[in-house]
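The values are calculated or read from the model by the stated rules, or taken from the named source; none is laboratory data. Nothing here was measured: the structure is a model prediction, and the numbers come from that model. Note that each Cβ is placed from the backbone with ideal geometry, even for glycine, and that neighbours are counted across all protein chains shown. Side chains included, ligands, DNA and RNA excluded: accessible areas come from the protein's heavy atoms. Shrake-Rupley method; radii C 1.70, N 1.55, O 1.52, S 1.80 Å.
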Amino acid sequence: MNYNKVILVGRITHEPEMRISQNGTEVVNFQLAVNRYGKDKQADFFRIVCFGKSAEFVSTYVKKGTLLLVDGSLRNNVWEDNMGQKRSNTEIVASRVEIMEKRGNTFNADDVDVSNEENFSDDNLEDNNAEDINEGEGFEGDDSDEIPF
């Protein structure tokens, strides 16, 4: 069994720009800075590529510095440059992109019809505010440390 899955949360390092591929598909490339866990306060930088609806969403609603959740897979690219040198890079092909910092809401390309900006309003977004969820909701008042499944 093979499994190629990447989930990152970080900030976009530059303004995304959409381009159209030779076959007419929307494509957006950007870089995501992800802080490492620990005291050293270092970050790792990842190349991200989005296609189609996700690319439209990112180019329309994401700006430099936006906190994003990116869900996708790794892809290794190998090619030969003009000088005959073998080149390679690794990028994440995003299957889902969510903006994580709008208070009370998160949204992604599946939530929004980006072909019509009038559809993008707070009324059309799912409320995912963690403060609205009561601690232990759904568990019959069990205060034990046991996992309920």
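The Cβ shell under 9 Å around ASN29 holds other residues with a net charge of 0, Lys and Arg each +1, Asp and Glu each -1. Residue separation times 0.36 nm, minus the C-alpha to C-alpha distance between ASN76 and ASN23: what's the value? Extra length available between ASN76 and ASN23 comes to 17.0 nm. Computing the accessible area with a 1.4 Å probe over protein heavy atoms, can you report the carbon and sulfur percentage for the stretch 14-73? Accessible surface attributable to carbon and sulfur in the stretch 14-73 totals 47 percent.
Entry comment: accessible area of the stretch 1-57 is 73 Å² per residue, from protein heavy atoms only and a probe of 1.4 Å. Here the 3J(HN,Hα) profile of the stretch 70-79, calculated from phi with Karplus coefficients 6.51, -1.76 and 1.60 at θ = phi - 60°, is 10, 10, x, 9, 7, 9, 9, 10, 10, 8 Hz, Gly and Pro shown as x. Multiplying the residue separation of TYR3 and GLN85 by 0.36 nm and removing their Cα-Cα distance gives an extension gain of 26.4 nm. Here the extension length gained between MET100 and GLU15 equals 28.9 nm, from 0.36 nm per residue of separation less the Cα-Cα distance. From largest to smallest, the equivalent ellipsoid semi-axes obtained for the stretch 1-97 from the alpha-carbon gyration tensor read 22, 19, 14 Å. Working note: Karplus 6.51/-1.76/1.60 with θ = phi - 60° gives the stretch 31-46 the couplings 10, 10, 9, 10, 5, 7, 6, x, 7, 6, 6, 8, 10, 10, 10, 10 Hz, where Gly and Pro are set to x.
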